[in-house]
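For reference, the structure is listed below as structure tokens.
The values are calculated or read from the model by the stated rules, or taken from the named source; none is laboratory data. Since this is a predicted model, take the numbers as computed values, not measurements. Here the Cβ positions follow ideal geometry from the backbone for every residue, glycine too, while neighbour counts run over all protein chains shown.
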Amino acid sequence: MSRRWWYWLLVIPFAATLLPPIYAREEPALFGFPFFYWYQIGWIVISAGIVYVVYARTRGDRV
Amino acid sequence: MSSGAIVFLVLVLGVTVLGFAAARWSGGTMNSLEEWALGGRRFGTVVTWFLLGGDLYTAYTFIAVPALAYGAGAIAFFAVPYTTIAYPFAFIVMARFWTLAKQRGYVTTADFVHDRFGSRSLELAVALTGVAATMPYIALQLIGMRSVLLRSGVAPTSESALLFLAIAFVLLAAYTFTSGLRAPAMIAFVKDTLIYITVAAALAIIPAKLGGWSAVFSSAQHALAAAPKPSSIILARPLYFAYSSLAFGSALALFIYPHTITSVLSAKSAAVIRRNCALLPLYSLLLTFIALLGYCALAAGIRVKDANLAIPELFSRFFPSWFAGVAFAAIVIGALVPAAIMAIGAANLFASNILRTFESRMVRPPVETRVARYLALVVLAGAFVLAVFIRPDFSIDFQLLGGAWVLQIFPAVILGMYARRLHPTALLAGWAAGMACGTWMVVASSFKSIFALHAGSGVLAGAAMFYALLVNLAVAAGLSAVLQTRASARFDSICGTEPA
């Protein structure tokens, strides 16, 4: 598999966070946070992880 | 004087000393634009993290985002997807921009545009847009500072706040002039440490005193629903598109602001930028929790007419005086860092692209550096006048327009790196159409970033900046297809044939 394919992972955060119908709801709550909030906070962390994985896998690529 | 005011003054004076001392940091010579404006393109991962963090997440952000949550509820949290997706995007495009800039000696976006398209008018359009978007942004940093000063006890009257602002600004201008980008880079360490401490303390103390997060959310919901313009903590269906188009448009615009480009180009390698795209989201977490402090203010029963005072009021109610001093110093220093970088970014555009045109920067004449340093003073003075002598609403409206404007250079600056068949005249026409359309939409919706687009029988409320970008892209792509594109040889020599 070409290293180029790793870059496609970067599309996931866009799909997950730009569609409010997925997450604009109250339930299920977590630690007192409505779903709307903890879902989006969670995606900050997941996206950073994805960027790190892509960075590690494509290190040394010509940019 | 209260203990808070003393702590505040000591911290603010301390960073001023640091700002001047920064000139000597890592062998700085101030006789080339690369050294003064970009710190010699030498910053590693840690310095860049603090610098970009201090640059992207400004004092105004830390005041305005919770103020929006306090006043309008869920829509304020578009800042979360915005600062989430900005990084995967920057991972690709900013690493590439850094590489091209290093190879060809660019200091600004307009340098690239001139080199890539060979068009003086497109270069000017990009440079003027950048300056116009930056000036009100600096003014807003001052307005953020003023809200804090009035509440902190250091300058309780508007006259003393003005005097304090004037002194702080003269000092800011002086160390920006002497140390260039090294000054905000060094101060950013202090700023961010203070901000992280403040927010950690706020999160440890305030929600617990209000009965926990669950109670905070339900009282915020109650207060928002009972307001004259009711809103909610869960995004309402008619706002879905506005929310995501604001987040998307803002994310695309974030990295083409002159001050962001300045910080990006000061990194020592493209890998530093890429690593930072995985590390900077820590600030997005911070921003989210700061936004939630807006709900804490609602839950604490804080009622202020000017929503920008909600957070300073919350801090002085829940923190002991000396710690409130730390928190207020964090916000004021948080305004000085981006203000310095913005002044440098705007001065670079003025000196390199407006007063003269881009030439081969591999041999950069020293005279340009001297011009840029004086222009930074002019830019700061202009922003001060804007903030102090013209009513604050004007800067806020102007900054909103600036956001819609800056996105209109996206096709030339970002797509220009990837698309071979773009014609400079088409890009200029697209830019003009986008600027006109964005300005009209923002003005027509009486200076709101959301425009209600009437299409047929339906209404789609979306971000004005996003609609304007669509118009811009349609014009630029359509005309590029019609006009004969002769610029592709230029594209090949600069951008190569292999995309990232």
- Subset of region B:238-274 (residues that are within 13 Å of chain A (Cβ to nearest Cβ), over 18 Å from B:G73 (Cα atoms), buried (at least 24 other Cβ atoms within 10 Å of the Cβ) and of a type outside the set (A, V, I, L, M, F, W, C)): B:G249, B:R274
- Message: Please return the ranges of helices (runs of 4 or more DSSP H) entirely within region B:132-243 where 1 or more residues are touching a Pro at 6+ places or on another chain (Cβ under 9 Å) and farther than 19 Å from B:L11 by Cα.
- Response: B:213-226
- Task: Select from region B:64-92 the residues that are closer than 14 Å to B:L224 by Cα and among the small types (G, A, S) and list them in ascending order.
- Result: B:A67, B:A69, B:G71, B:A72, B:G73, B:A74, B:A76
- State which residue is farthest from B:R275 (Cα to Cα) when the search covers only region A:1-53 and only residues that are more than 8 Å from chain B (Cβ to nearest Cβ) and charged (D, E, K, R). A:E27
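Kindly indicate whether any position in region B:40-48 is within 16 Å of the chain's Cα centre (by Cα), buried (at least 21 other Cβ atoms within 10 Å of the Cβ) and assigned to a helix (DSSP H, G or I).
Taking every residue of region B:40-48 in turn, at least one turns out to be within 16 Å of the chain's Cα centre (by Cα), buried (at least 21 other Cβ atoms within 10 Å of the Cβ) and assigned to a helix (DSSP H, G or I).
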- Query: So which of B:A185, B:A127, B:A166, B:A133 is under 23 Å from the mean Cα position of the chain (by Cα) and either surrounded by fewer than 24 Cβ atoms within 10 Å (Cβ to Cβ) or within 14 Å of another protein chain (Cβ to nearest Cβ) (or both)?
  - Reply: B:A166
- Query: Here are some conditions: (1) free of Cβ contacts under 8 Å to residues at least 24 places away in the same chain; (2) buried (at least 23 other Cβ atoms within 10 Å of the Cβ). B:P81 meets all but one. Which one does it not meet?
  - Reply: (1)
- Mind listing just one residue for me: the one in region B:441-496 that is over 30 Å from B:A72 (Cβ atoms) and of a type in the set (V, I, T) and, of those, surrounded by the most Cβ atoms within 10 Å (Cβ to Cβ)? B:V475
- Give B:V442, B:V471, B:V413 a once-over and let me know the one that is under 21 Å from the mean Cα position of the chain (by Cα) and modelled with pLDDT of 90 or more. B:V413
- Item | Single unsatisfied condition, B:G294 versus (1) within 14 Å of chain A (Cβ to nearest Cβ); (2) buried (at least 19 other Cβ atoms within 10 Å of the Cβ); (3) closer than 17 Å to B:A59 by Cα; (4) under 18 Å from the mean Cα position of the chain (by Cα) | (4)
- Task: Kindly indicate the residue of region B:209-222 that is surrounded by fewer than 21 Cβ atoms within 10 Å (Cβ to Cβ) and closer than 17 Å to B:L314 by Cα and also farthest from the other protein chains (Cβ to nearest Cβ) among those meeting that condition.
- Result: B:K209
